[in-house]
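Engineer: Here you go, one structure.
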Amino acid sequence: MNGRLTVTSTGSRDGMAISATTIDAAGAGSAVTFDGVTDAEVSSLTIEDASASSSGVTVKGASNHITIARTVIRDNASHGV
C-alpha cells in the first residue's frame, strides 16, 4: 500500500470512545503489527491482550514514522510496545 494509513475510533476522542473501540489480540500474538510500514498512525482506541511472546504493538522491518496517539495499551502478557 502506498500512502498514509490511519486507524482511529469513530466519534469523539474522549475516554468513552477510546474504551469503546478495542483491538484485542486474544492472547494470540500482537494486536497491531507494523512490518516495513512507513507513515502510519493508530489513535483513539484501546489495544490489549497480546501474548507473552509478542507485544501490544509490534514495530519491525525498517518501519518508520509510526504514530501512536490517545491510545490505551493494556493487559498484555509481555510488553506494550
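Engineer: I want to check the label-to-label distance for VAL81 and ALA26. Put each point 7 Å from Cα in the C-beta direction and report it in nm to one decimal.
Structural biologist: 2.7 nm
Engineer: For THR58, list long-range residues whose amide hydrogen, built 1.01 Å from N in the peptide plane, is under 5 Å from its own amide hydrogen.
Structural biologist: VAL32, THR33, PHE34
Engineer: If packing is taken as the mean number of other Cβ atoms within 10 Å per residue, what is the order of 29-42, 46-59, highest first?
Structural biologist: Final packing ranking: 46-59, 29-42.
Engineer: According to a simple spin-label model (label point 7 Å from Cα along Cα-to-Cβ), what is the distance in nm between SER53 and HIS65?
Structural biologist: Reported label-point gap for HIS65 and SER53 is 3.3 nm.
FYI, it's all coordinate maths here, none of it is from the lab. None of the values given here were measured: they were computed from a predicted structure. Every residue, glycine among them, receives a Cβ derived from its backbone with ideal geometry; neighbour counts consider all protein chains shown.
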